[in-house]
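The structure appears right after this line, and notes come after that.
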Amino acid sequence: MVQLVTTMQVVLGANHHKSRTKHTIADTRGVRDFPPFVRLEIVQPPGEEACYLYHICEDGSIADTWHHTTQDAFHQAEWEFGVRSDEWQTAKQLDRT
């Protein structure tokens with residue numbers, strides 16, 4: 001299994017808008033919307049340029065989008081939530097497997 005590392009993160013707050021993208025969960029309980037997202041993380045395999053933009057809910061549920069570069073993920077977060085580039089924080093090295 002590929003080890004993914006969180007490299008950047010931002011906490012979503014009152015200064016951000018709700019997602020402009022519809023994210024849904026499909027499981028044995030049917031199809032439903034994700035709860036509100038409270039944090040975003042940029043997650044990458046070590047040494048890779050491509051990344052995932054994790055959309056994280058308070059209950060730990062995660063939706064993701066894939067991007068060629070972190071710059072692309074920053075643009076997605078700006079469009080989708082209004083996250084400014086100066087809001088991103090370098091994340092502690094957290095493993096996601």
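Taking the Cα-to-Cβ direction at ASP72 and at THR21 and moving 7 Å from each Cα, how far apart do the two end points lie in nm?
In this crude spin-label approximation the distance works out to 1.1 nm.
To the nearest 0.05, how large is the calculated FRET efficiency for MET1 and THR65 if R₀ is 30 Å and r is the Cβ-Cβ distance?
0.90
Bins of 10 Å, beginning at zero and ending with the bin holding the largest distance: percent of Cα pairs per bin for the chain, please.
16, 50, 30, 5
Using modelled backbone amide H atoms (1.01 Å from N, in-plane), which distant-in-sequence or interchain residues come within less than 5 Å of VAL38's amide H?
Under 5 Å from the amide H of VAL38: ILE56, CYS57, GLU58.
Based solely on its DSSP helices, what 222 nm [θ] is calculated for the chain when runs of n ≥ 4 H residues each add -39,500 (n - 2.57) and the sum is averaged over all residues, nearest 500 deg cm²/dmol?
Result for the chain: -4000 deg cm²/dmol, rounded to the nearest 500.
Do you know the relative contact order of segment 4-96, to the nearest whole percent, from alpha carbon pairs under 8 angstrom that are 6+ apart?
In percent, rounded to a whole number, it is 36.
What spacing in nm lies between the two simple spin-label points modelled at GLU58 and ASP33, each 7 Å away from Cα in the Cβ direction?
With each label placed 7 Å out from Cα toward Cβ, I get 1.5 nm.
FYI, it's all coordinate maths here, none of it is from the lab. Just so you know, these numbers come straight off a predicted model, no measurement behind them. Virtual Cβ from ideal backbone geometry, glycine too; neighbours counted across all protein chains shown.
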